[in-house]
Amino acid sequence: MADTDSSQRVQEILTQATEELKSIKVPNDDQLEYDLGNLLVSNNNTLDETLTRDPEKIDSYLHNLARDSIQALLNRVWELPSERIDSDIYATLPKPTTRLPREKPVPKPRPPTKWEKYAREKGINNRKKDKKVWDDVLKRWVPRFGYRKIAAEKEKNWVKEVPSNADPFEDQFAKAAEMKKENVAKNEFQRLRNIAKNKKIKVPSVGVTGNEYASKNELSMAMHHAKHATASRGKFQPELPNEKKVKGLGKKRKIEFTTGSGQVEKKRNIEVLEKMDKPSLNLDGAIHKEIRDENVAMDLKRKGGKVYGRRSKMGGRHRTKSDHKSLKLGTGFQGKGKGKGKGKGKPKGKPNVGAKKKIGGPKMQGKGRPAGKGKMKGKGKGK
Amino acid sequence: MGVIQRVVKPRNSRSKRALEKREPKNIENTKQCLFFVGKKASEEMRRCLRDLYSLRKHHSLHLSRKHPDMAPCVDILPVERLGQKHDASLFCYVARTKKHQNNMVIGRMFNHHLLDLIEVDVSDFRSLAKFNNPKGAEGTKPCLTFAGPGWEDDAALRTLKSLLLDLFRGVEATAVRLQGFELALQFVAVDSKTVMMRGYSIHLKKSGLRTPRIELDLIGPCMTLHLQRSRLASDDLMKRACRQPKQVKANRVKNISKDVFGSRLGRIHMTSQDLGGLQTRKLKGLKKVEDGDGADGGGGGGGGGGEEEQMELE
């Protein structure tokens, strides 16, 4: 070390003599703080205020400052023990000295399970098992666990003996599968019990634990069932002020489409109608009703009263004899035709003979006038 | 606690590995950093964020969506949630507020809860793109230098130093390729409220000696940070966060030394033995004579009961 030191000094003098710029020496480099593990160098000396305040000179000042610091740092790095790997020289960095906070807390060691505690007590050591086991039946090495274990087992156990004390019609394979399922469930239960014990959560030894993390809906369903389990089916149970009803109870109603062909709807409506108790067709009654209304209206018009429509005063008895006669004969009657805007006494040629047909019939809908009515045009008393 | 201690076990090894990556470990992963923009940020600030992101390319996530409801100084919960989602414990957030056009918040978390954060106002920003010199490869470990007395004196600056160190130091490296130094970052505390950042590329020049001469070339990003609000960690939280596991601490091996021949030696410390009281075979010839002629005293062994004995270890 001493040799290289002196030779280095000689070199330094030489290089300094020849070219000043190539110096690697940094003045006051022991005043700097180094953290080689982080490649960090800190210069705690006060900065030159005149230069830092001057926006023109600050860049070069900072540049020089940086250059000196980095040179000092890398001088130290080059002094570190290094090794050569594939034509590259690597310097081994020491551990960082600056203490930085961790990302996550220190992990706690896993608490021992019930079995582990017992094994430790008894001094039972876990012996590492080989993956492959020699099987005499199959005459080859068979994996004890993992990939292709079950295939090998199936190969071996293609037939199962029914034990002498067992039911001959029992499915032994199903029984074996059931046993395996139970084993898996038992293991899972024990694992969860271990976890519960470690987290100091109480688990009952018999029975099922409640679901601690049930969703809001599940809890309200549970409440609902509890309430309805009374003699009065929950009718008189007091409710909390903000208690909301459970979603999803009650009959579900299927809502049909509003688009598409109306065939289904039509069919259903016709079915309903067919099921209904329809009154038998009273044509005469209908005709008379119509006549009455018309006459009333006509009367009132003549006499100057209000035309009411179906519901007329005096029971609608303002009907003249002639009107009756003319209707029976099939001629129209005086008065305005209630139709498609052709009314108002515009007399037209022959009276409409088909008046009868158009009254009543299956198309009678509610209170409205029957559809055919509108075609009656009146030519007064005309015959 | 371990992935197996979960009530719902992971279904396959892929999910198991993902969970194991996120759980606390003795030797931790390199911290992930989130770079994201809040409600409205100027073009300059967005470029600044991108530059910082490129300095820490390998362990950071640049979120492309704007997060208009985030205000880390006011409400840290959304940031914590983001950090938990991406498993990131550092974040750098840029926004435009009424008071400050160029607001930036740098913070870090411990166990997905806020540890500390510092809000700075960025001015005189010169982007990496502005400098035309060739830059080093992305992801190189930079050399960091902090200048100015403020880094030690001021509490906020001390936290900022620690934050900047965390942000820019990259991976914790055990070995470094000597030809591979490419980037140098300088942070100068001009006064207790102002920090100047400069980025340089390192050129190793011949010096006639083994150690090269360093030349620096300004490549950016350059900016001036004005410290605003800060939320520093309480002492005990910081202590808890800095706690290292026992396994990571160096084990000092005591009492083992090697002699010239390479055999391992240890030292046994004995209590002082009174060899005069040892029981041995009684030999008539060695019986003590009254006139004090006997050369050896009664009993066996010579030399004084040494306090120490060096024994050879197998």
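When A:171, A:135 are screened for being surrounded by 10 or more Cβ atoms within 10 Å (Cβ to Cβ) and in contact with a strand residue (DSSP E or B) (Cβ under 6 Å, 6 or more places away or on another chain), only A:135 passes. Every condition in (1) surrounded by fewer than 18 Cβ atoms within 10 Å (Cβ to Cβ); (2) more than 7 Å from chain A (Cβ to nearest Cβ); (3) of a type in the set (Gly, Ala, Ser) is met by residue B:170 except one, and the failing one is (1).
Going by the structure shown, is residue A:116 under 25 Å from residue B:23 (Cβ atoms), surrounded by 10 or more Cβ atoms within 10 Å (Cβ to Cβ) and within 12 Å of chain B (Cβ to nearest Cβ)? Before you say what the answer is, go through the steps one by one.
Details: under 25 Å from residue B:23 (Cβ atoms): yes; surrounded by 10 or more Cβ atoms within 10 Å (Cβ to Cβ): yes; within 12 Å of chain B (Cβ to nearest Cβ): no.
It is false that residue A:116 is under 25 Å from residue B:23 (Cβ atoms), surrounded by 10 or more Cβ atoms within 10 Å (Cβ to Cβ) and within 12 Å of chain B (Cβ to nearest Cβ).
Just so you know, in the range A:29-44 the residues that are in a loop (DSSP other than H, G, I, E, B) and at the interface with another protein chain (Cβ under 7 Å from one of its Cβ atoms) include one that is surrounded by the most Cβ atoms within 10 Å (Cβ to Cβ), and it is A:39. Filtered by the rule that a residue be outside any loop (DSSP other than H, G, I, E, B) and either surrounded by fewer than 17 Cβ atoms within 10 Å (Cβ to Cβ) or among the β-branched types (Val, Ile, Thr) (or both), the range B:203-217 gives B:203, B:204, B:205, B:214, B:215, B:217.
In this structure, residue A:199 does not qualify as more than 27 Å from residue A:115 (Cα to Cα) and surrounded by 10 or more Cβ atoms within 10 Å (Cβ to Cβ). Exactly one residue out of B:160, B:144, B:165 is away from every other protein chain (no Cβ under 12 Å), closer than 21 Å to residue B:226 by Cβ and not in a loop (DSSP other than H, G, I, E, B): that is B:160.
Taking the conditions (1) assigned to a helix (DSSP H, G or I); (2) polar (S, T, N, Q); (3) loosely packed, with under 11 Cβ neighbours inside 10 Å in turn, residue A:259 satisfies each one other than (1). When the range B:238-278 is filtered for residues that are within 14 Å of chain A (Cβ to nearest Cβ) and of a type in the set (Gly, Ala, Ser), the ones remaining, listed by number, are B:241, B:250.
So, of the residues in the range A:86-95 that are facing chain B (nearest Cβ under 7 Å) and touching a residue at least 12 places away in the same chain (Cβ under 8 Å), which turns out to be nearest to residue B:116 (Cα to Cα)? This residue is A:93.
Could you pull out the residue among A:254, A:278 that is under 30 Å from residue A:228 (Cβ atoms) and exposed (fewer than 10 other Cβ atoms within 10 Å of the Cβ)? Even if it seems obvious, please write down each step before you answer.
Working: A:278 fails: under 30 Å from residue A:228 (Cβ atoms).
After ruling out the rest, the residue left standing is A:254.
Which residues, counting only those in the range A:266-295, are closer than 30 Å to residue A:256 by Cβ and among the polar types (S, T, N, Q)? Scanning the range A:266-295 gives a single hit, A:269. When you scan the range B:27-44, do you find a residue that is under 27 Å from residue B:129 (Cβ atoms) and free of Cβ contacts under 8 Å to residues at least 12 places away in the same chain, even just one? For the range B:27-44, residues under 27 Å from residue B:129 (Cβ atoms) and free of Cβ contacts under 8 Å to residues at least 12 places away in the same chain: present.
Against the test of being under 15 Å from residue B:180 (Cα atoms) and either touching a residue at least 40 places away in the same chain (Cβ under 8 Å) or facing chain B (nearest Cβ under 9 Å) (or both), the options A:83, A:103 yield a single qualifying residue, A:83.
Could you list all residues from the range B:180-195 that are facing another protein chain (nearest Cβ under 7 Å) and either hydrophobic (A, V, I, L, M, F, W, C) or surrounded by fewer than 20 Cβ atoms within 10 Å (Cβ to Cβ) (or both)?
Of the residues in the range B:180-195, the ones facing another protein chain (nearest Cβ under 7 Å) are B:181, B:184, B:186, B:188, B:190.
Across the range B:180-195, the qualifying residues are B:181, B:184, B:188, B:190.
On the stretch given as the range B:62-109, residues that are touching a His at 6+ places or on another chain (Cβ under 8 Å) and over 14 Å from residue B:36 (Cβ atoms) total 2. Listed by position, the helices (runs of 4 or more DSSP H) contained in the range B:1-113 that have at least 3 residues being within 14 Å of chain A (Cβ to nearest Cβ) and either under 24 Å from the mean Cα position of the chain (by Cα) or buried (at least 17 other Cβ atoms within 10 Å of the Cβ) (or both) are B:13-22, B:77-86.
Where a number appears in this text, it was derived from the coordinates with a stated rule and is not lab data. None of the values given here were measured: they were computed from a predicted structure. Glycine gets a Cβ as well: all are built from the backbone with ideal geometry, and neighbour counts include every protein chain shown.
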